[in-house]
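Q: Questions regarding the structure given below will be posed in turn.
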Ligand code: CAA
């Protein structure tokens, strides 16, 4: 399957998706959204694939929603057409997605990275929500996910001033899991993805749901959800296999059952 705005390749058990609008610094227009939704639905449905890496170019992961596409839009088109609602389908991906961010991740680009499950940043990465400078505001979850990731003080400052945050500050404030030298970004992200893809597939999906539930529920409800799902994993063949493999001092052979 080929896409107008993405390059998609599989590397063993890992799907690598590269945003490919270099002339627009990977600005996220409607075609990118349609392509992302289709590519990640295909990834999720492919049992040979265990984890995905989403990346951009060396200069830009993505410089935001496409300003030229939005310029002529009015309230009716944006609200009535629910312009960014498709991203809910991207975030419905059940297998993990790692954002490998080099260069600019601004506005919708920062928001897209935050929709992924793990962000690994190159040391040249820059994150920000500069929509305020365009007379608008973040519209793909920035005020919500950034606040949950870095706290109110820093999120408020970034969203109200448009200041960009470098990779070191992003790591310090909890937005990114790890910063790596730019030259190693893809190798490091793929290595992490391979590690995840090598785990029991049902447990991987369960962990993603459990961690995400921390954003949606109270502590008591989240812990109960975790405990129920944890118990449910004891109904899988991979629990039997994983624990037997540990006791027998051998690698586990997962079946995804
Ligand atoms: N939308 C559309 N086109 C964009 C774009 C965007 N978000 N960002 C960059 N481009 C285009 C530029 O217009 C330019 O195209 P032309 O050559 O045809 O003029 C090309 O990409 C290269 O960009 P620059 O010449 O500006 O590159 P630079 O190195 O001088 O600057 C930059 C890089 C600082 C990232 C600058 O491009 C910039 O500020 N971009 C806009 C960032 C922004 O405001 N993002 C938020 C968008 S709104 C949003 O995302 C809403 C939301 O939350 C959903």
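Read-outs throughout are calculated quantities, based only on the coordinates presented, and are distinct from any laboratory measurement. Here the structure is a predicted model, which is why all the values come from computation and not from measurement. Heads up, the Cβs are rebuilt from the backbone with ideal geometry, glycines too, and the neighbour counts pull from every protein chain shown.
Q: May I ask you to list the residues in the stretch 144-167 that are within 15 Å of the ligand (Cβ to nearest atom), part of a helix (DSSP H, G or I) and crowded, with 18+ Cβ neighbours inside 10 Å?
A: Within the stretch 144-167, 145, 146, 155, 158, 159 meet the criteria.
Q: Out of the residues in the stretch 78-97 meeting the condition of being in contact with a helix residue (DSSP H, G or I) (Cβ under 9 Å, 6 or more places away or on another chain) and part of a helix (DSSP H, G or I), tell me which one is farthest from the ligand (Cβ to nearest atom).
A: Filtering first and then ranking leaves 89.
Q: Might you let me know whether the stretch 236-243 holds any residue that is in contact with a helix residue (DSSP H, G or I) (Cβ under 7 Å, 6 or more places away or on another chain), without any contact (Cβ under 8 Å) to a residue 60 or more places away in the chain and under 29 Å from residue 144 (Cβ atoms)?
A: Looking for residues that are in contact with a helix residue (DSSP H, G or I) (Cβ under 7 Å, 6 or more places away or on another chain), without any contact (Cβ under 8 Å) to a residue 60 or more places away in the chain and under 29 Å from residue 144 (Cβ atoms), one finds none in the stretch 236-243, hence no.
Q: To continue, here is another question. Just to confirm my filter: which strands (runs of 3 or more DSSP E) fall fully inside the stretch 4-60 and include at least 3 residues that are touching a residue at least 60 places away in the same chain (Cβ under 8 Å)?
A: Per the criteria, 51-55.
Q: For the stretch 53-75, give me each residue that is closer than 23 Å to residue 16 by Cβ, surrounded by fewer than 20 Cβ atoms within 10 Å (Cβ to Cβ) and within 9 Å of the ligand (Cβ to nearest atom).
A: Scanning the stretch 53-75 gives a single hit, 59.
Q: Does the stretch 9-17 include one or more residues that are within 16 Å of the ligand (Cβ to nearest atom) and crowded, with 21+ Cβ neighbours inside 10 Å?
A: no
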